[in-house]
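Asker: One structure is given below, represented as C-alpha cells, and several questions about it will come after.
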Amino acid sequence: MSDQQVPVLMDRDSREWWLALRRHELALQTCTDCGRLRWPSRAICNDCGSLEWRWTESRGTGTVVSWTVTHRPPSPQALVPYTVVLVRLDDQDDVFMPGGWNGPADGEGLAIGLHVRVGYQAVVDQHGEDATILRWEPSVGSGEEI
Amino acid sequence: MPHAERTLRDRTAIVGVGYTDYSRDSGVSTQTLALRAIRAALDDAGLGVRDVDGVACHRVGDSVDPAQVAQGLGIADVRFVRDVFGGGSASVGTLVDAAMAVASGMAECVVCWRALNSRSEGRMGSATGPAAAAGDAQYWIPHGHLTPPQLFAMETRAYLHRWDYAAEDLGRVAITQREHARLSPRAMMTQPLTMEDYLASRWISDPLRLFDCCLETDGAVALVVTTAERARDLRKPAVLISGAAFGGGYQLTSNHWSDRSVAPAVRMAPRLYASAGIGPEEIDVAEFYDAFTPLVLMQLEAYGFCKPGEAAAMVADGATALGGSLPVNTHGGHLSEGYVHGLNHVVEAVNQLRGACGPRQVPGAEVALATSQPGMLSGATSAVVLRQAA
Ligand SMILES: [Zn+2]
C-alpha cells in the first residue's frame, strides 16, 4: 500500500486527531466532567452526557484483539498480502483502534494478546499532501508495560 | 390492557412472497427486478397493485428509489414510504417497519423488497471512491480495510480464538448449507462441497476463505404485509409476524462494547422472544443472516440455542442440518442459495411455515426465526419471529 496515495478522509470532528498523528501523537478525547476516554471523535460523553471534553494523549500501547491478512485486493492497485491489526488500548479497555502492521506482510508472528505500541507511517494523501497513518508495531520490553 | 395494545404480536401477517430468478447478470435494472418481484408477491397473495398502499425497502445507494416504485405500481396516494439506508443489519427491520405501519393503521397493505444487481452492477464495499462523509470508516479505509470480507474477518479471528474454534468449524457451516441449497430450486450453488474443497478454497481475507463468503447475486425478493384479519381471506395460509425487535451493536471502533466474544444480538434476543411470548426452544427453524459462515455460529449462541462456545459442536452434531433439532438456513442462505441481502431468509421462513418447501421442508414447522446481521460493523440489528396462523 505504501507507494500509493492513501485516502485520508478527516472531517470536522476528527481533524485534530489526524493532525496529531502528523506530530506523532496519538490523541483521545477525555470527558472534562467524568474523565472517561473516547474514540472515535464524538461531541458527547457516552457515560455522563457532558459536552465538555479535551484532547489528551494516549499511552500509545495496547494489545492485539484481532488481525486480518488480505489476499484479495479491494482495488487492483493494492499489493497483497497485507495485514491490518485491531488493538485494544491500555488506556481504557473498550477503545479499539485499527492500524497497519509494522511487521511481516502476512502477519507472521502476530498473536492475540500480543502487546504492541503505536507507530507512524508517512504517506501521501489523495490530494498529494503529506499525511500520517497509524502503524502498530511490537512493543519493546513489553513485560514491564503490561 | 394497554400493553397488549402496544405490542405487534400477531397483529400483522405476511400474505405473499415473490422472487425473480437469482443470477450473475440479470440484464435488467433494479427497478425492473423490484417490480417483477412485487408483482409475483401480489400474485402469490391473490392481490393486485390497487391493493397496495405502502412501500418499504432497504438499499445502500445501489437500488431503485421506493417512491419511484410506488409510482411504477400506480399508487396515486401512497400512505407509507420507507427508504432505509442499510445493508444486512437493516433487512428484517424494514419488514418490521412495514408491520408497524400496518398495525398502526398508517397503511393497509405494504410491499417490502430488496432488489440488487450485486454481481453485474457493482459490488458492495468495492474501492471505487469512498463517500465524502466517511464517518468512522475514515479510520480503516486508509489501511486498505474496507470490504465486507475484511471487516468480518477482523471479527472472525477474535471470535474463533475466544472459543477455540477451528477452520473446520466454519467449513461445516458452509457444507451444511450447501446440502440445503441442493434442495432449493432457486439456489445458485448446487455442487456438493467437501471439507477438502472448503479448506482448499482461496483466502479472501484471512481467516475467511472463499467458501466462508456469501455469493454476489442479481435478483429481488418481495413480501406483502397486511393485517392479520385481512390475511384470513387471502389465497395462501397467512404467516403472522409474531414478534419483532431492533437492537444495537458496535462498529469496529466504538465504546461500551469491551466484550467482543458474543454477537451484539445477544442483548436484543430476550426482547425479541418476549415480544413473541416464546423462548428459543419453541423455534422450529432458523434463517440466520449469513454473509459469512461465522455469523451462523455467533447467532446460534446469541439467540440462545446453545451456550457461548458450543455452537461449533452443535453444527458438528448435525443439529442445524435438515433433520436436526434446529434446521438453519434451509434454503442454503447467502452462502449457497443467493444473496438478496437478508430478505430471501424471510421468504424461506414463510415458505417453511406454509409447508411449501418440498424436499427441504422441516416437518411440522410452526414457528420460525429470521434475522438480520447480528449488530457488528453497522451497530444495528433486527429480527422477527414468524408463526403459522392458527
Ligand atoms: Zn463524561
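Asker: Could you size up the charge dipole of chain A around its Cα centre, putting +1 on the beta carbon of Lys and Arg and -1 on that of Asp and Glu, and report it in debye to the nearest 20?
Answerer: 200
Asker: Between rounded, prolate and oblate, where does the range B:32-99 land on the alpha carbon gyration tensor, with a ≥ b ≥ c its root eigenvalues, rounded for a/c under 1.5, else prolate if a/b exceeds b/c?
Answerer: Numbers: a/c = 1.59, a/b = 1.51, b/c = 1.05.
Prolate is the answer for the range B:32-99, as a/c is 1.5 or above and a/b outweighs b/c.
Asker: Between B:VAL110, B:VAL84, B:VAL367, which gets the highest mean-square fluctuation from a Gaussian network model of chain B, Cα cutoff 10 Å?
Answerer: In this elastic network of chain B, the residue with the biggest mean-square fluctuation among B:VAL110, B:VAL84, B:VAL367 is B:VAL84.
Asker: Accessible area per residue, 1.4 Å probe, Å², for the range A:9-146: what's the number? Walk me through the numbers before you get to the answer.
Answerer: Details: 6550 Å² over 138 residues.
Ligands and nucleic acids excluded, the result is 47 Å² per residue.
Asker: Once whole DSSP H runs in chain B are found, which of them have Cα atoms spread over 15 Å or more along the helix axis and a mean Kyte-Doolittle score of at least 1.0?
Answerer: Details: long enough: B:30-45 (22 Å, 0.25); B:91-104 (21 Å, 1.38); B:148-163 (22 Å, -0.59); B:167-181 (21 Å, -0.63); B:265-276 (16 Å, 0.37); B:343-354 (17 Å, 0.02).
Long hydrophobic helices here: B:91-104.
Asker: Cα centroids of the range B:50-117 and the range B:261-339: how far apart, whole angstrom?
Answerer: The two parts, judged by their Cα centres, are 27 Å apart.
Asker: Hey, what's the range B:265-390 come to in accessible area per residue, 1.4 Å probe, Å²?
Answerer: Working: 3210 Å² over 126 residues.
Each residue of the range B:265-390 exposes 25 Å² on average to a 1.4 Å probe.
Asker: A further question follows. With +1 on each Lys and Arg Cβ and -1 on each Asp and Glu Cβ, and nothing else charged, work out how big the dipole of the protein assembly as shown is about its Cα centre, in Debye to the nearest 20. Provide the component values of the computation, followed by the final result.
Answerer: Values: 45 positive and 62 negative charges, 203 e Å.
For the protein assembly as shown, the charge dipole is close to 980 debye.
Asker: Right, another one. B plus A alone minus the pair: what accessible area, both sides summed, probe 1.4 Å, in Å² to 100?
Answerer: 3300
Asker: Can you bin the protein assembly as shown into rounded, prolate or oblate? Criterion: square roots of the alpha carbon gyration tensor eigenvalues sorted a ≥ b ≥ c, rounded for a/c under 1.5, prolate for a/b above b/c, oblate for the rest. It would help to have the intermediate numbers written out before the result.
Answerer: Values: a/c = 1.76, a/b = 1.60, b/c = 1.10.
Prolate, since a/c reaches 1.5 and a/b exceeds b/c.
Asker: Still on this structure: Rounded, prolate or oblate: pick one for chain B, where a ≥ b ≥ c are the square roots of the eigenvalues of its C-alpha gyration tensor, a/c under 1.5 means rounded, and failing that, prolate if a/b is larger than b/c, else oblate. Intermediate values should be presented prior to the final figure.
Answerer: Values: a/c = 1.43, a/b = 1.27, b/c = 1.13.
Rounded shape, in that the Cα axes give a/c under 1.5.
Asker: In the full protein assembly as shown, how much of B:MET298 is accessible to a 1.4 Å probe, in Å² to the nearest 10?
Answerer: Solvent-accessible area, nearest 10 Å²: 10 Å².
Asker: Take A:ILE112 and A:HIS127, extend 7 Å from each Cα along the Cα→Cβ direction, and tell me the distance between the two endpoints in nm.
Answerer: It works out to 4.1 nm between the two label points.
Asker: To the nearest 10 Å², what's B:MET106's accessible area with a 1.4 Å probe?
Answerer: Here the accessible area works out near 110 Å².
Asker: Along the charge dipole of the protein assembly as shown, which of B:ILE38, A:THR68, B:PRO280 sits closest to the positive end, that is, farthest toward it, with unit charges on the beta carbon of Lys, Arg, Asp and Glu (+1, +1, -1, -1)?
Answerer: So the residue we want is B:ILE38.
Asker: Can I ask one more? List for the range A:74-102: residues with 40 Å² or greater reduction in accessible area, all protein chains versus chain alone, probe 1.4 Å?
Answerer: Buried-area filter returns A:PRO74, A:VAL84, A:LEU86, A:ASP94, A:PHE96, A:PRO98.
Asker: Using 1/(1 + (r/R0)^6) with R0 = 30 angstrom and r between the beta carbons of B:ASP233 and B:GLU282, what's the FRET efficiency to the nearest 0.05?
Answerer: Numbers: r = 28 Å, r/R0 = 0.92.
FRET efficiency, B:ASP233 to B:GLU282: 0.60.
Asker: Zone of A:HIS24 (label point 7 Å along Cα→Cβ, backbone N under 16 Å): which residues in the range A:105-131?
Answerer: It comes to A:117-123, A:131, nothing else.
Asker: Within a Cβ distance under 11 Å of B:PRO374, other residues only, what is the Lys/Arg minus Asp/Glu net charge? Write out the running numbers ahead of the final one.
Answerer: Details: positive: B:ARG267; negative: B:GLU155, B:ASP290, B:GLU301.
Summing Lys/Arg as +1 and Asp/Glu as -1 gives -2.
Asker: Just subtract the alpha-carbon distance of B:MET195 and B:ALA76 from 0.36 nm times their residue separation and send over the number in nm, one decimal.
Answerer: The B:MET195-B:ALA76 span can extend by a further 37.4 nm.
Asker: Got a sec? What order do B:LYS307, B:LYS236 fall in by accessible area at 1.4 Å, biggest, i.e. largest, first?
Answerer: B:LYS307, B:LYS236
Asker: Next question, about the same structure. Would you jot down the residues in the range B:206-226 that end up with at least 10 Å² less accessible area in the complete protein assembly than in the chain alone, with a 1.4 Å probe?
Answerer: Going by heavy-atom accessible area, the residues of the range B:206-226 that drop by at least 10 Å² are B:ASP206.
Asker: Please name whichever of B:VAL385, B:GLY72, A:THR83 sits farthest to the positive end of the charge dipole of the protein assembly as shown, dipole taken about the Cα centre and charges placed at Cβ: Lys and Arg +1, Asp and Glu -1.
Answerer: Positive-end residue among those listed: B:GLY72.
Asker: While we're on this one: In the range A:5-138, what percent of the accessible surface is made up of carbon and sulfur (1.4 Å probe, ligands and nucleic acids excluded)?
Answerer: 47
Asker: Work out, step by step, the length gained on full extension between B:VAL49 and B:LEU210: first 0.36 nm times the residue separation, then minus their alpha carbon distance; give nm to one decimal.
Answerer: Length difference between fully extended and current span is 53.9 nm.
Asker: For B:GLU179 and B:ALA166, calculate 0.36 nm times their separation in residues minus their Cα-Cα distance, and state this gained length in nm to one decimal.
Answerer: 2.6 nm
Asker: OK, next. Which value, in Å² rounded to 10, gives the accessible area of B:ARG11 with a 1.4 Å probe and all protein chains present?
Answerer: Surface open to solvent at B:ARG11 totals about 90 Å².
Asker: Could you look at the range B:222-356 and say what percent of its accessible area is carbon and sulfur, using a 1.4 Å probe and all protein chains?
Answerer: 50
Asker: Let me ask you something else. Select from B:GLY48, B:GLY16, B:GLY88 the residue whose mean-square fluctuation is largest in a Gaussian network model of chain B (Cα-Cα springs shorter than 10 Å).
Answerer: Highest fluctuation among the options: B:GLY48.
Asker: Which order do you get for B:PHE246, B:PHE292 if you rank them by accessible area with a 1.4 Å probe, largest at the top?
Answerer: Sorted by accessible area, descending: B:PHE246, B:PHE292.
Asker: Taking only the alpha-carbon atoms of the range A:5-138, what semi-axes of the equivalent ellipsoid follow from 5 times the gyration tensor eigenvalues under a square root, in whole Å, largest first?
Answerer: Over the Cα atoms of the range A:5-138, the ellipsoid semi-axes are 27, 19, 12 Å.
Asker: Still on this structure, I have one more. Ranked from the most accessible area to the least, with a 1.4 Å probe and all protein chains present, what is the order of B:CYS306, B:CYS109?
Answerer: B:CYS306, B:CYS109
Asker: Given a 10 angstrom Cα cut-off, can you work out which residue in B:PRO264, B:PRO363, B:PRO374 is the most mobile in a GNM of chain B?
Answerer: B:PRO363
The values are calculated or read from the model by the stated rules, or taken from the named source; none is laboratory data. Just so it is clear, the structure is predicted and the values come from calculations on it, not from any experiment. No Cβ is skipped: glycine too gets one built from the backbone with ideal geometry, and neighbour counts run over all protein chains shown. With ligands, DNA and RNA removed, areas are computed over all heavy atoms of the protein, side chains included. Shrake-Rupley method; radii C 1.70, N 1.55, O 1.52, S 1.80 Å.
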